[in-house]
Every structure is written in structure tokens, then in C-alpha cells.
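Note sheet for the following structure.
The values are calculated or read from the model by the stated rules, or taken from the named source; none is laboratory data. None of the values given here were measured: they were computed from a predicted structure. Positions of Cβ are generated from backbone atoms using ideal geometry, with glycine treated the same way; all protein chains shown enter the neighbour counts. Note: accessible area is taken over every heavy atom of the protein model, side chains too, but ligands, DNA and RNA are not part of it. Shrake-Rupley method; radii C 1.70, N 1.55, O 1.52, S 1.80 Å.
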Amino acid sequence: MPDLHVAVLAAGQGKRMKSATPKVLHHVAGRPMIDYVLRAARQLGPASITVIVGHGGAHVQEALTAPDVAFAVQARQLGTAHALAQAEPLLAGRSGTLLLLSGDVPLLTSHTLGRLIEAHTSAGAASTMLTALVERPYGYGRIIRSRGRVARIVEERDASRAERAVREINGGVYAFDLGSLWDALGRIAPQNAQGEFYLTDVIAIHRRARLPVEAVIVDDPSELRGINSRSELADVSRIVRQHKNEELMAAGVTLIDPATTYIEDDVEVGPDTVIHPGVILEGRTRIGSACEIHAWSRIRGSVLGDRVTVLNCCVLDGARVDAAARVGPFAHLREESAVGADARVGNFVELKKTSLGPGAKAGHLAYLGDATIGAKVNVGAGTITCNYDGEAKHQTIIGNGAFIGSDTQLVAPVRIGEGAYVGSGATIREDVPPGALAVSAGRQRNIEGWAERRRNPPGKD
Ligand code: UD1
Ligand code: CA
């Protein structure tokens with residue numbers, strides 16, 4: 001929309017958060033809350049987006065590096081109207097609609113914002129706000145109507161008892177006509193309990209100037225939930241997760257217990273996948289169809305093919321697991337690890353920058369780091385790649401079909417040829433040719449009768 005401009009208020013400290021981190025950077029289901037606001041704004045295709053920063057502004061600017069966002073700085077937090085006034089130099093001379101969003105109201109959908117803009121432009125209003133009818137209006141500005149029309153907005157702290165009983169709240173989200181906005185902002189005085197310049201006063205100013213003011217009541221009041229405290233952060237996060245869970249279930253994913261399943265917004269899951277309680281899926285994780293993720297596993301930034309099984313209590317971070325592979329319980333797949341199709345990674349196995357070929361098995365108790373392991377290799381229990389010499393990391397390469405006996409140390413850099421065998425308990429410091437058997441321990445010696453002699457040493461009667 002060429003005549004639509006967006007401004008986002010994000011300069012406040014968020015005192016009630018009691019945090020060193022600027023409020024709008026606190027995470028809601030894995031992303032900074034302001035990220036949700038910007039995503040919804042972008043879907044409207046505005047001509048410009050201005051974010052007003054102040055408290056912790058450098059952090060906010062850094063976190064939001066996006067070419068389509070301009071920043072205005074509010075050096076002192078003197079109120080929401082003062083904050084918006086800081087954007088005037090960037091928007092001077094523009095006409096059309098300014099959509100004003102709050103960085104701490106992340107649940108708004110672009111659909112609702114579209115309704116706001118539509119109502120605003122079709123009425124030719126000077127200002128239009130989003131409102132909601134809620135059971136517990138405490139803390140929000142109240143919409144005071146006279147003869148059905150919005151007359152003004154009063155903040156909780158400035159409201160009379162009768163006004164506090166009003167259940168229609170101000171969402172802090174407005175469409176303004178850029179033609180009359182800056183003049184109205186200039187008329188706001190800090191005459192209220194907080195001594196701040198309140199943006200909400202624009203409404204009464206427009207009404208007094210006999211300019212048309214409209215309000216759009218949202219269908220779902222939870223869209224206007226603001227975050228001012230840690231408790232509200234948790235509430236809103238839960239709502240975001242609920243939406244995500246609903247969306248996945250509607251698309252054919254089974255969540256055994258949605259209430260204890262934590263799936264971030266950007267995660268994708270294919271149909272017929274079953275997710276057990278206590279599972280955490282984070283970042284850009286993609287899970288195929290007909291997978292089963294058992295309880296208490298955490299998967300972050302990883303890609304799983306179809307029909308993959310992840311048993312209980314695994315941690316996957318930056319891993320790839322191909323079709324029908326089986327991982328866990330208690331496996332740890334770290335960055336750049338890849339498990340081939342039909343492969344098995346069992347309990348207490350750690351992979352780092354290691355690929356396991358199709359059908360390969362590392363069933364128990366192993367550390368496999370900086371290794372390329374071929375198809376159908378069998379890695380015995382207790383195998384360790386000694387990849388670090390105290391200064392640098394080295395590679396281990398194991399050819400297809402090789403068999404690594406239990407309790408083997410592979411001192412990298414080292415190569416095990418295709419189809420080779422390594423006997424149990426070996427310390428492999430030199431390459432093993434294809435098809436060879438490598439043993440490194442000394443020959444076994446049996447000392448006959450030793451136990452009996454220990455109990456009854458000669459000479460003792
Ligand atoms: C505000 C509204 C209230 C509404 C509520 C909805 C005012 C006076 N009140 O109250 O009517 O019901 O939002 O969530 O506008 N900010 C700045 N600079 C400042 C002060 C605030 O940028 O000097 C930013 C904050 O970072 C925040 C937004 O403006 O993103 C709202 O400020 P906040 O203090 O949270 O206002 P509320 O008390 O929630
Ligand atoms: Ca707020």
C-alpha cells in the first residue's frame with residue numbers, strides 16, 4: 001500500500017519487567033516480541049516502517065537489522081505521544097495513513113490490521129483505534145463513549161471509579177490520517193497522573209476539532225494482549241504456542257499433550273507425526289511426516305526426514321536425520337551432525353560434525369566427532385574418536401561396511417578402509433587398509449591356577 005506508513009513504539013524501558021534487556025527484545029516463543037509486530041506490519045506491504053527506540057535503543061537497532069526498517073530515537077521516555085513525535089522528521093511531507101503499533105502487543109494479526117485500515121479509510125477518519133471488550137480491563141486505557149461514539153480514552157491511573165468499570169479497552173493500535181496527526185500531537189500536554197505526553201489524548205483533540213474518530217472492536221480480544229510484566233510475557237507466550245499447536249493439529253500432527261509441548265513459530269512438522277509430552281522444538285526445525293518424537297526431547301535448528309523416530313530425552317541441535325533413522329534414548333546430536341537413512345544412534349552417543357552413512361549403527365556409549373562414517377558401518381559400544389590433540393581437531397574417516405569393535409579409540413587423523421574390521425579394545429593410530437583386521441592390544445595370557453594360589457599362597461598352612 002503506497003500511502004500506508006507504519007510506526008512502532010519501542011522506546012519504553014518496560015519498568016514492570018524488571019530487566020536489563022529492553023522489553024521489546026524479550027522472547028515470545030523463541031522470537032523477540034517486536035518481531036511479531038514487524039511481521040504483521042510487513043504483510044500489509046507498507047511504504048515505510050519506522051521503529052521508535054530509546055531505552056536500550058542500540059540493542060534494539062542491532063537486533064532488528066532489517067533493510068526495510070528506519071529508526072527514530074526518543075532520548076527520554078516522556079510518553080507515547082512524545083515517542084511518536086520523534087518520527088515526525090522521518091515522515092514529514094508524507095500523506096495517507098499512519099498505522100501506529102506497539103512493540104509490546106505481539107498477537108495482532110495482519111487480518112485485524114487490515115480491518116482497521118479499511119474502516120479508517122472508508123470512513124475518512126482522522127483517527128481510528130482498535131478496541132476490545134474484555135472481562136478484566138485492569139491496566140488498559142478505557143474507551144469513554146458518549147452517545148455511542150468514542151469521546152476520549154482515559155488511562156487506568158487517571159480514571160474515575162465509573163470509568164474503571166468500563167470494559168472496552170484501548171489496544172494502543174491506531175490508524176491516523178497523516179494530514180491532521182502532527183498538529184494534534186503538538187497540542188498534547190502532560191496533564192495526567194504520570195506527567196507524560198499520552199498519545200491517547202489525540203482522540204479527544206480530534207473530537208474537539210470535530211474531526212471524525214472511529215473505533216474497530218476486535219473479534220478476538222486476546223489479539224490486543226499487551227506485555228508489561230513477566231507474568232504477561234508467559235501468558236502471551238502460552239497463547240502463541242497454543243495457536244501453533246492448533247495449526248499443527250489441524251494439519252494432521254498428533255500432539256499427545258499440547259499443554260506440555262513447546263513448539264516455536266518457525267517450526268514445520270509433517271502430517272501423521274506424533275509428538276509426545278515435554279517435547280521442545282525450536283528455531284527453524286523441520287520434521288517430516290510419520291515421525292515419532294518421544295517425551296522430553298529437545299530439537300533445535302534441525303531437519304528430520306520422514307518416519308524418523310527420536311526416543312526419549314535426546315538433544316538435537318543443528319542436526320540432520322534422514323528417513324526412517326532412529327535416535328536415542330539419551331542421544332546428543334550436535335552441530336553439523338548427519339544421520340543417514342535407516343541409521344541408528346543409541347543411548348549415550350554424542351555426534352559432533354559427524355556424518356553417519358545410511359544404515360550405519362552406533363548403538364551405545366560413543367563419542368564421534370569430526371568423523372565421516374560410511375554406509376552400514378557398525379560402531380561398537382564405547383568407541384571414541386580422539387579428534388583433539390590439544391591444539392587442533394582432526395578427521396576420522398571410516399569406509400562403508402567397516403566394523404569397529406567395542407571400546408576402540410580412533411586417534412585422528414585416521415582412516416579405516418571399506419569393509420575393514422577393528423578388534424575390540426584397539427587404539428588405532430595408523431590407517432587400516434580396506435578389508436584388513438586391525439588389533440592393537442597385546443596377546444592375551446592366561447595364568448592357570450592363579451586364583452587358588454592367591455587364596456592359599458605356597459608356604460602358608
Ligand atoms: C498504552 C496506552 C493504553 C493502552 C495500552 C495498550 C497510552 C498513554 N496508553 O498503555 O491506553 O490500553 O497501551 O497496550 O498510550 N513507549 C515509548 N516511549 C515512551 C513510553 C512508551 O516508546 O515514552 C512505548 C513502549 O515501549 C510500548 C508502548 O509505547 O511499546 C506502550 O507503552 P506502555 O508504557 O507499555 O503503555 P501502557 O501503559 O501499556
Ligand atoms: Ca503496554
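Descriptive notes on the structure:
- Debye log10 I(q)/I(0) at q = 0.08, 0.09 Å⁻¹ for region 4-224, Cα point scatterers: -0.25, -0.32
- Cβ-defined net charge surrounding Pro358, 12 Å radius [Lys, Arg +1; Asp, Glu -1]: +1
- Those lysines that a straight Cα-Cα span of less than 22 Å connects to Lys15, excepting residues fewer than 8 apart in one chain: Lys23
- Residues with amide H under 5 Å from that of Ile49, placed H, sequence gap 5 or more: Val6, Ala70
- Whole-percent carbon and sulfur share, accessible surface of the chain, 1.4 Å: 49
- Here is the size of region 12-100 from its Cα atoms: Rg then Dmax, 13.3, 39 Å.
- Plainly put, the chain has a radius of gyration that is 1.20 times its Kirkwood radius, both from alpha-carbon atoms, as the Rg/Rh ratio.
- Computed helical MRE - 222 nm, the chain, DSSP H runs ≥ 4 contributing -39500 (n - 2.57), nearest 500: -5500 deg cm²/dmol
- Distant-in-sequence amide H partners of Ala366 (H built 1.01 Å from N, under 5 Å): Val349, Glu350, Gly382
- A simple rule links phi to the HN-Hα coupling: the Karplus curve 6.51 cos²θ - 1.76 cosθ + 1.60 with θ = phi - 60°, which for region 19-28 gives 9, 7, 8, x, 3, 5, 8, 5, 7, 10 Hz, with x for Gly and Pro.
- Separation of alpha-carbon centers, region 335-398 and region 172-197, rounded to whole Å: 62
- Size-normalised alpha-carbon gyration radius of region 260-356, reference 2.2 N^0.38 Å: 0.91
- Globularity index of region 171-231, i.e. its alpha-carbon radius of gyration over 2.2 N^0.38 Å: 1.33
- Packing-based ranking, highest mean first, of 129-141, 25-37 given that Cβ atoms within 10 Å are counted: 25-37, 129-141
- In percent, rounded to a whole number, the relative contact order of the chain is 8, using alpha-carbon pairs under 8 Å and six or more apart.
- For the chain, with +1 on Lys and Arg beta carbons and -1 on Asp and Glu, the positive-most of Gly399, Leu255, Ala215 along the dipole: Ala215
- At 1.567 mPa s and 4 °C, Stokes D of region 230-438 from Kirkwood alpha-carbon radius, µm² per second: 74
- Once the 1.4 Å probe is applied to the protein heavy atoms, region 230-438 comes out at 44 Å² accessible per residue.
- DSSP bridge pairs, region 4-224: antiparallel proportion in percent, nearest 5: 45
- Counting charges near His276 (Lys, Arg +1; Asp, Glu -1) among other residues having Cβ under 13 Å from its Cβ returns a value of -1.
- Taking the DSSP bridge list for the chain and keeping only pairs wholly inside it, about 20 percent are antiparallel.
- For Met249 and Tyr138, the FRET efficiency from 1/(1 + (r/R0)^6), where r spans their Cβ atoms and R0 equals 41 Å, is about 0.80.
- Residue (of Thr21, Gly93, Ala151) at the positive-pole extreme of region 4-224, dipole from beta-carbon charges: Ala151
- Net charge contributed by nearby residues that have their C-beta within less than 11 Å of Thr372 (K/R +1, D/E -1): +1
- Annotation: per residue accessible area for region 4-224 equals 44 Å², rounded to a whole number [probe 1.4 Å, protein chains only].
- Sequence-distant lysines (8 or more away, or on other chains) whose Cα lies within less than 21 Å of Lys352: Lys361, Lys376, Lys393
- Once backbone amide H atoms are built at 1.01 Å from N, Ala325 has Thr309, Asp342, Ala343 as its partners under 5 Å, excluding neighbours fewer than 5 places away on the same chain.
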